[in-house]
Amino acid sequence: MGKSKIGRQIYGFLFRDVYNSNVLKNEINKLETNPFAPYEDKIIGKITIQQLDIFGPSVNDTTRRGNRFERFASKNFHHNTRERVIRNSFLLFREGDKLNPQVFKDTERLLRANPIIHDARILVSERKGSEWLVDVLIIVQDVWSVNFDIGVGSPKDFRIGLEERNFQGNGHSLLYKVAWRKDDPYQQLGGRSIYTVPYIGKTFITGQLSAIYERDLKQFSVRLSRPFLTVDIKNAGAIELGYYKIREYKRLGIDVKDKELVYQTGYYYSDIWYGRAFKFRGFEPNERFVVAARRSSYEYRTRPEVRADTNKLYWNRTIILGSVGYSNRFYKRDILVYGFGRTEDVPTGNLLSFTFGREQTEFGARNYSGIQYAHGTYLANDRGYLYYLAHAGTYLKGKEAQQGTIGVQSNYFSPLMKLGRAQTRHFINLGFTYGINRDPLDYLNISGQDGILGINSNSLIGDKRLTIGFESVLFSKKSLVGFRIAYFTFANFGLVSLHNVPLFDSKLYQGYGLGMRFRNENLTFKTFQIRVGYYPNIPNISSNFRFAFDGIQPLRLRDFDISAPSVIPLR
């Protein structure tokens with residue numbers, strides 16, 4: 001194509017290095033030493049907000065320009081987040097404040113964490129002729145806010161969805177989706193509508209109203225929430241009220257002859273929690289002690305048969321929990337971890353919490369206690385990132401442990417390495433879960449994201465599970481029409497068994513495969529994925545080979561903030 005001018009233009013439109021990752025990596029390395037520290041305690045003068053086109057430039061190179069189509073789309077089919085919304089709902093500082101370096105770093109991180117924003121940078125400059133006054137430039141780049149979800153199997157089976165994540169630049173999100181299945185024996189027409197208001201005013205409270213009427217889920221709920229977004233937030237909490245009706249598909253065994261059972265459960269749900277963070281004398285700047293309390297209740301209207309020793313998961317119950325914990329958290333900038341070129345804030349630090357409480361049920365009361373510890377860090381000498389979580393919790397009635405869970409999870413990713421003109425990372429995930437006195441309908445599965453990627457089998461169930469997964473991802477330097485391409489290979493292994501079978505006596509299930517992922521970080525679309533997998537010993541599947549084209553949500557790294565006290569789930 002390079003032999004002619006037209007060919008070069010077509011190639012330049014289709015295949016371009018839109019992320020300029022080498023510049024980005026160098027820029028991020030420089031920012032790891034807090035760039036705002038030299039201006040500490042100086043007075044903030046003028047705050048200017050510069051909003052970039054969604055295609056073409058980046059916060060690291062604002063001079064770059066998109067092609068004609070990209071410039072036209074940015075100007076005519078997208079409404080940038082309104083400046084007053086950024087000033088009133090996203091900034092942790094204002095004109096006239098003393099400059100706090102940590103607050104500036106937190107503001108950058110919160111801007112990037114918002115789903116309507118692709119990336120953000122804050123630049124500080126001393127005002128000429130003044131030693132105590134500084135001006136602030138905030139560079140913000142939105143993502144394309146409109147997302148479509150269309151799936152057509154036939155005229156009798158289709159779904160259409162539309163999501164506007166930044167309605168008229170106000171930051172509000174509206175999702176609406178309808179589905180039609182003419183031959184579905186349960187429900188033909190379904191739909192959902194979810195309205196979200198992030199960061200109401202300066203409160204950092206998010207409000208959400210949900211109305212879902214689908215085959216397997218009916219939900220009508222309202223929720224207000226405020227997490228510990230930064231270490232300086234002292235108060236957090238949430239309140240939720242709703243009605244849920246769920247169709248669940250369960251098996252009582254793993255043999256091919258075991259019948260799959262369908263359960264309808266419907267219940268009213270209420271939940272409220274409050275947490276308070278304290279910084280004691282002698283604590284480091286990012287260390288906090290957190291105390292929290294929670295009350296939640298389930299009142300069932302539809303459920304399977306329950307007894308004092310059966311289906312405890314579906315008891316009517318009210319649980320009151322309290323927790324005390326310690327959190328120490330930091331964030332390190334990185335790229336090409338789970339994103340495709342955007343700046344990612346990787347959490348590091350420690351978390352330790354103790355949970356205790358009492359549950360009142362229709363069959364009497366029982367106590368609950370749990371503990372969890374998590375740690376994440378970049379290893380010395382640029383050897384990658386390691387995270388691990390260990391937790392244990394159980395209900396106690398007399399001397400008997402009921403519905404308990406013991407779990408260990410660990411995630412590792414290697415440093416970003418060059419391979420020719422491309423870049424690569426390697427990922428290892430390890431998980432172990434052990435259920436204590438679980439009910440037959442309350443079990444683990446090692447299908448899909450829970451273990452063996454690319455399959456969905458109700459035969460791979462048990463009350464204890466060990467999984468390990470390997471993945472190598474090669475990020476290509478160029479993109480196809482703005483969609484960056486990543487190639488990946490994977491290998492997954494899993495053991496799962498029921499209570500009467502030792503875990504290491506069970507079969508080692510396996511999955512191997514390769515594929516390609518496509519993502520444009522300037523759009524709200526999911527990551528598109530083409531995957532081919534080989535599964536040599538999965539029971540009850542028609543073929544050992546599986547091909548799939550689907551959309552997946554980008555993964556997020558676990559943070560070290562303490563949230564609502566909760567019962568450790570079996571998952």
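Selection of region 137-166 for residues being over 25 Å from the mean Cα position of the chain (by Cα), surrounded by fewer than 21 Cβ atoms within 10 Å (Cβ to Cβ) and under 30 Å from Leu91 (Cβ atoms) yields only Leu137. Within region 189-209, being surrounded by 14 or more Cβ atoms within 10 Å (Cβ to Cβ) and more than 15 Å from Ser225 (Cα to Cα) holds for Gly190, Gly191, Arg192, Ser193, Ile194. In region 520-535, how many residues are among the β-branched types (Val, Ile, Thr) and surrounded by fewer than 17 Cβ atoms within 10 Å (Cβ to Cβ)? Qualifying residue count, region 520-535: 2. Here is the figure for region 386-433: residues that are of a type in the set (Phe, Trp, Tyr), under 20 Å from Tyr338 (Cα atoms) and over 18 Å from the mean Cα position of the chain (by Cα) total 0.
If I filter region 537-550 for residues that are among the aromatic types (Phe, Trp, Tyr) and in contact with a Gly (Cβ under 6 Å, 6 or more places away or on another chain), do I get at least one hit? Scanning region 537-550 turns up no residue that is among the aromatic types (Phe, Trp, Tyr) and in contact with a Gly (Cβ under 6 Å, 6 or more places away or on another chain). Please determine whether any residue of region 323-335 is modelled with pLDDT under 90, among the β-branched types (Val, Ile, Thr), buried (at least 17 other Cβ atoms within 10 Å of the Cβ) and assigned by TED's automatic domain parsing to the domain that holds Gly364. Scanning region 323-335, I find at least one residue that is modelled with pLDDT under 90, among the β-branched types (Val, Ile, Thr), buried (at least 17 other Cβ atoms within 10 Å of the Cβ) and assigned by TED's automatic domain parsing to the domain that holds Gly364, so the answer is yes.
Does Gly201 satisfy the criteria of being in a loop (DSSP other than H, G, I, E, B) and touching a Pro at 6+ places or on another chain (Cβ under 8 Å)?
no
Exactly one residue among Ala179, Ala238 is assigned to a strand (DSSP E or B) and over 22 Å from Phe525 (Cα atoms), and that residue is Ala238. Summed over region 521-547, residues that are without any contact (Cβ under 8 Å) to a residue 60 or more places away in the chain, in contact with a strand residue (DSSP E or B) (Cβ under 8 Å, 6 or more places away or on another chain) and either assigned to a loop (DSSP other than H, G, I, E, B) or over 30 Å from His78 (Cβ atoms) (or both) total 8.
All conditions but one from (1) crowded, with 17+ Cβ neighbours inside 10 Å; (2) not in a strand (DSSP E or B) apply to Pro440; the one that does not is (1). Could you give me the residue pairs with C-beta distances under 8 Å whose first residue belongs to region 73-91 and is under 13 Å from Val140 (Cβ atoms), whose second residue is modelled with pLDDT of 90 or more and assigned to a loop (DSSP other than H, G, I, E, B) wherever it lies, and which are 6+ apart or on separate chains? Within 8 Å, the pairs are Arg87/Arg94.
When Asn492, Asn445 are checked against the criterion of being buried (at least 17 other Cβ atoms within 10 Å of the Cβ), out of contact with any Phe, Trp or Tyr (no Cβ under 9 Å at 6 or more places or on another chain) and either modelled with pLDDT of 85 or more or closer than 30 Å to Gly420 by Cα (or both), Asn445 stands alone in meeting it. Filtered by the rule that a residue be within 19 Å of His426 (Cβ to Cβ) and of a type in the set (A, V, I, L, M), region 316-356 gives Ile335, Leu336, Val337, Val346. So, Lys418, is that one touching a strand residue (DSSP E or B) at 6+ places or on another chain (Cβ under 9 Å) and more than 30 Å from Ser542 (Cβ to Cβ) or not? For Lys418, the condition - touching a strand residue (DSSP E or B) at 6+ places or on another chain (Cβ under 9 Å) and more than 30 Å from Ser542 (Cβ to Cβ) - is met. Looking across Val134, Val103, one residue alone is more than 26 Å from the chain's Cα centre (by Cα), at pLDDT 90 or above and of a type in the set (Val, Ile, Thr). It is Val134.
In region 43-57, the residues that are at pLDDT 90 or above reach residues that are among the basic types (Lys, Arg) with C-beta atoms within less than 7 angstrom, at least six apart or across chains, in these pairs: Ile43/Lys98; Gly45/Arg127.
Arg558 falls short of the stated requirement of being among the charged types (D, E, K, R), part of a strand (DSSP E or B) and out of contact with any helix residue (DSSP H, G or I) (no Cβ under 8 Å at 6 or more places or on another chain).
Being among the hydrophobic types (A, V, I, L, M, F, W, C) and surrounded by fewer than 19 Cβ atoms within 10 Å (Cβ to Cβ) narrows it down to one residue among Ile485, Ile452, Ile461; which is it? So the residue among Ile485, Ile452, Ile461 that is among the hydrophobic types (A, V, I, L, M, F, W, C) and surrounded by fewer than 19 Cβ atoms within 10 Å (Cβ to Cβ) is Ile485. Here Arg329 meets each of (1) under 30 Å from Phe55 (Cα atoms); (2) basic (Lys, Arg); (3) touching a residue at least 60 places away in the same chain (Cβ under 8 Å); (4) part of a strand (DSSP E or B) with one exception, condition (1). Please determine whether any residue of region 78-94 is in a strand (DSSP E or B) and not acidic (Asp, Glu). Taking every residue of region 78-94 in turn, none turns out to be in a strand (DSSP E or B) and not acidic (Asp, Glu). Just to verify a result, which residue in region 504-519, among those that are in contact (Cβ under 8 Å) with a residue 60 or more places away in the chain and either touching a Lys or Arg at 6+ places or on another chain (Cβ under 8 Å) or β-branched (Val, Ile, Thr) (or both), is surrounded by the most Cβ atoms within 10 Å (Cβ to Cβ)? Across region 504-519, the extreme among qualifying residues is Arg519.
Considering every residue within region 352-367, establish whether at least one is modelled with pLDDT under 90, more than 20 Å from Gln102 (Cα to Cα) and buried (at least 16 other Cβ atoms within 10 Å of the Cβ). Scanning region 352-367 turns up no residue that is modelled with pLDDT under 90, more than 20 Å from Gln102 (Cα to Cα) and buried (at least 16 other Cβ atoms within 10 Å of the Cβ).
Taking Asp135 as the residue in question, decide whether it is assigned to a strand (DSSP E or B), among the charged types (D, E, K, R) and within 30 Å of Pro35 (Cβ to Cβ). Here the answer is yes, as Asp135 does meet what is asked. Considering each residue of region 174-182 in turn, at least one proves to be closer than 27 Å to Thr81 by Cβ and buried (at least 17 other Cβ atoms within 10 Å of the Cβ). If you check Tyr267, Tyr243, which single one turns out to be closer than 27 Å to Gly404 by Cβ and not hydrophobic (A, V, I, L, M, F, W, C)? Testing whether each residue is closer than 27 Å to Gly404 by Cβ and not hydrophobic (A, V, I, L, M, F, W, C) leaves just Tyr267.
The values are calculated or read from the model by the stated rules, or taken from the named source; none is laboratory data. What you are looking at is a predicted structure, and each value in this text was computed from that prediction instead of being measured. Every residue, glycine as well, gets a Cβ built from its backbone with ideal geometry; the counts of neighbours run over all protein chains shown.
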